[in-house]
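Trainee: Below is a structure I'd like to ask you about.
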Ligand SMILES: Nc1ncnc2c1ncn2[C@@H]1O[C@H](COP(=O)(O)OP(=O)(O)OP(=O)(O)O)[C@@H](O)[C@H]1O
Ligand SMILES: [Mg+2]
């Protein structure tokens with residue numbers, strides 16, 4: 001009980017709300033660390049997954065990427081990225097933000113599998129009859145994708161993005177291991193200095209941010225889904241859902 | 001958008017059917033030794049319904065899909081008003097051919113109005129024109145735009161969805177429509193209604209329709225001409241329903257059409273061909289003495305027909321119910337009067353009437369209002385009195401109708 005008192009005191013301390021290592025600044029860093037790789041992963045994996053789902057070609061690729069992605073722990077991806085890339089990044093003169101860049105690259109690879117899989121599955125699962133109706137009415141391939149397959153598959157596609165977002169937000173914490181900013185600092189530094197109230201507070205903020213991400217994306221999903229599709233099975237697909245937990 | 005010249009566009013502008021012609025069309029799927037469609041040649045005159053019928057796997061769908069190039073023939077050609085379908089880009093062609101598929105295929109994420117608007121949007125019509133067209137079409141297929149345009153497909157019954165499918169196919173007023181088992185997914189009674197409705201609609205729009213079914217009775221009812229296909233995509237017979245029933249070209253056709261060919265000929269006649277008897281319609285609360293007097297004036301009728309305030313039939317009132325005086329008791333009406341429409345085949349009408357206690361059919365219009373009655377006797381009379389057909393031959397019942 002005493003411990004929770006200490007955590008509450010930590011939150012109550014105005015010093016923890018100001019300056020470069022205050023909560024708002026750390027949340028800001030954490031969000032930048034998360035949003036950049038997430039946006040990049042969406043930009044790459046959505047079109048690729050959608051196109052593979054549309055044509056049905058290279059679908060083995062999606063399945064393999066999903067399986068491999070699922071098998072490698074987040075920390076390993078981060079370590080691998082650090083090992084392979086840190087030198088190069090420093091060499092091209094980005095020494096100051098090298099750890100941020102390495103972390104973002106790792107998070108980018110982490111976000112790819114769920115987005116890719118659900119984009120593929122969402123499009124691939126659209127009823128063939130509907131697609132053929134569109135083709136029979138004179139839609140071109142891109143029109144079928146844009147007017148039929150994407151809107152009908154959207155609920156499933158967005159679940160993939162949400163899964164990736166939550167994973168990225170939770171895992172960005174690990175960046176602190178390679179010396180980034182973000183909420184992971186409280187945890188890593190707290191452990192190093194045996195300030196467990198700070199460790200616990202940091203973990204609470206990460207959890208809160210993950211939940212907020214989850215809720216925010218759920219809200220977007222509901223708004224973006226046509227009322228005509230309500231009540232369909234939009235449960236996250238097996239492949240994407242089995243993402244690793246946000247930790248190590 | 002500047003429309004390409006040519007018959008397909010030309011036919012579109014006067015909004016009636018175009019001649020669809022198959023010339024030695026063969027389709028061989030890759031990896032298959034035997035063709036799915038074998039050297040098919042037939043011509044569908046403008047404005048007619050041609051039904052492709054045959055057992056499962058005989059190549060009906062394949063033949064139909066070659067018209068809008070969802071499947072491309074291995075050899076031979078298909079023309080619309082003389083123009084080779086291969087001469088237009090496939091998407092252009094398809095936007096000018098209405099298409100209704102087996103499961104209707106409405107887009108679940110779009111409202112009914114937006115579903116109907118798909119092809120006009122692809123053709124980049126102005127918004128105003130699209131809105132007007134959507135309203136017009138929903139009214140044509142009997143769906144109130146105010147009530148339906150903003151709803152989604154899941155909120156409609158099977159029959160309603162089917163009508164939306166037809167409206168959507170008609171949107172850009174195509175000269176040709178392709179329909180693959182469009183009534184396959186509805187129950188028999190609703191199916192009869194939808195068929196009748198569609199025949200009434202076709203009276204007005206006069207499209208050239210290629211219609212696929214595996215149901216001979218549906219083929220006989222809907223077709224101006226029937227193409228019977230047999231396994232391997234071979235055309236077994238192509239003729240009017242009456243001619244096929246009178247002279248099946250082969251043992252296969254004879255067997256496919258069925259042993260009850262004589263009875264099936266009844267399907268050639270329509271309720272609208274029969275002499276109707278005036279119905280004595282009464283409403284709840286009418287005086288029994290007055291009803292008896294009205295009923296006495298008609299010799300052949302022993303029953304009055306109770307109707308609701310919209311003139312829709314509720315049930316029969318017999319002499320027993322009319323004994324005494326005072327207002328009639330609506331509870332007394334015996335329900336189960338079989339209703340038929342003018343487009344119902346005599347065969348379906350007869351089977352409905354034989355199955356009910358009072359052997360009279362109540363003829364109703366598209367709003368289910370009573371028009372009159374037909375009797376089993378009247379159908380019997382048609383059976384006994386062959387009519388002289390245009391070709392000078394004697395044909396049994398129904399020939400006059402087709
Ligand atoms: N895409 C395809 N690839 C290979 N073979 C096909 C393909 N589509 C159809 N077939 C074969 O071609 C034949 C004709 O098929 P089609 O779908 O035209 O039959 P159908 O008369 O419409 O049958 P049904 O009444 O069952 O719908 C069948 O033997 C079928 O297996
Ligand atoms: Mg078929």
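Values in this text are rule-based calculations from the coordinates and carry no lab data. The structure presented is a predicted model; accordingly, all values stated were derived computationally and were not measured. Glycine gets a Cβ as well: all are built from the backbone with ideal geometry, and neighbour counts include every protein chain shown.
Trainee: Within region B:127-176, which residues are closer than 22 Å to residue B:206 by Cβ, within 14 Å of another protein chain (Cβ to nearest Cβ) and in a helix (DSSP H, G or I)?
Mentor: Matches in region B:127-176: B:162, B:164, B:165, B:166, B:167, B:168, B:169, B:170.
Trainee: Picking from B:53, B:37, B:44, which residue would you name as being within 8 Å of ligand 1 (Cβ to nearest atom) and in contact with a strand residue (DSSP E or B) (Cβ under 7 Å, 6 or more places away or on another chain)?
Mentor: B:37
Trainee: So, one more: Taking residue B:97 as the residue in question, decide whether it is within 14 Å of another protein chain (Cβ to nearest Cβ) and closer than 30 Å to residue A:230 by Cβ.
Mentor: no
Trainee: Let me ask you something else. With respect to residue B:123, determine if the residue is touching a helix residue (DSSP H, G or I) at 6+ places or on another chain (Cβ under 7 Å), surrounded by fewer than 20 Cβ atoms within 10 Å (Cβ to Cβ), in contact (Cβ under 8 Å) with a residue 60 or more places away in the chain and more than 10 Å from chain A (Cβ to nearest Cβ).
Mentor: Against the criterion (touching a helix residue (DSSP H, G or I) at 6+ places or on another chain (Cβ under 7 Å), surrounded by fewer than 20 Cβ atoms within 10 Å (Cβ to Cβ), in contact (Cβ under 8 Å) with a residue 60 or more places away in the chain and more than 10 Å from chain A (Cβ to nearest Cβ)), residue B:123 does not qualify.
Trainee: Counting only residues that are closer than 14 Å to residue B:53 by Cα, away from ligand 1 (no atom under 16 Å from the Cβ) and touching a residue at least 60 places away in the same chain (Cβ under 8 Å), give me the helices (runs of 4 or more DSSP H) lying completely in region B:195-302 with at least 2 of them.
Mentor: On the way: elements: B:216-222, B:241-246, B:251-257, B:261-264, B:288-296.
Per the criteria, B:216-222.
Trainee: For region A:114-129, which residues satisfy the criterion of being within 14 Å of another protein chain (Cβ to nearest Cβ), in contact with a helix residue (DSSP H, G or I) (Cβ under 7 Å, 6 or more places away or on another chain) and surrounded by fewer than 21 Cβ atoms within 10 Å (Cβ to Cβ)? Before you say what the answer is, go through the steps one by one.
Mentor: Narrowing region A:114-129 to residues within 14 Å of another protein chain (Cβ to nearest Cβ): A:122-123, A:125-129.
Right, trim to in contact with a helix residue (DSSP H, G or I) (Cβ under 7 Å, 6 or more places away or on another chain) and you get A:122-123, A:125-126.
Within region A:114-129, A:125 is the sole residue that qualifies.
Trainee: Considering only region B:198-218, how many residues are within 14 Å of chain A (Cβ to nearest Cβ) and more than 16 Å from ligand 2 (Cβ to nearest atom)?
Mentor: Going through region B:198-218 one residue at a time, the tally reaches 0.
Trainee: So residue A:80 clears everything in (1) out of contact with any helix residue (DSSP H, G or I) (no Cβ under 7 Å at 6 or more places or on another chain); (2) more than 10 Å from chain B (Cβ to nearest Cβ); (3) within 30 Å of residue B:89 (Cβ to Cβ) except one condition, right? Which one?
Mentor: Failing condition for residue A:80: (3).
Trainee: Taking helices (runs of 4 or more DSSP H) that do not extend beyond region B:29-120, which have at least 1 residues that are within 15 Å of ligand 2 (Cβ to nearest atom)?
Mentor: Qualifying helices (runs of 4 or more DSSP H): B:60-67.
Trainee: If the requirement is being over 20 Å from the mean Cα position of the chain (by Cα) and either surrounded by fewer than 18 Cβ atoms within 10 Å (Cβ to Cβ) or more than 14 Å from chain B (Cβ to nearest Cβ) (or both), which of these qualifies: A:176, A:164, A:201?
Mentor: A:201 is the lone residue from the list that is over 20 Å from the mean Cα position of the chain (by Cα) and either surrounded by fewer than 18 Cβ atoms within 10 Å (Cβ to Cβ) or more than 14 Å from chain B (Cβ to nearest Cβ) (or both).
Trainee: When the residues of region B:60-75 are narrowed to those that are more than 12 Å from ligand 1 (Cβ to nearest atom) and surrounded by 21 or more Cβ atoms within 10 Å (Cβ to Cβ), which ends up farthest from residue B:22 (Cα to Cα)?
Mentor: B:68
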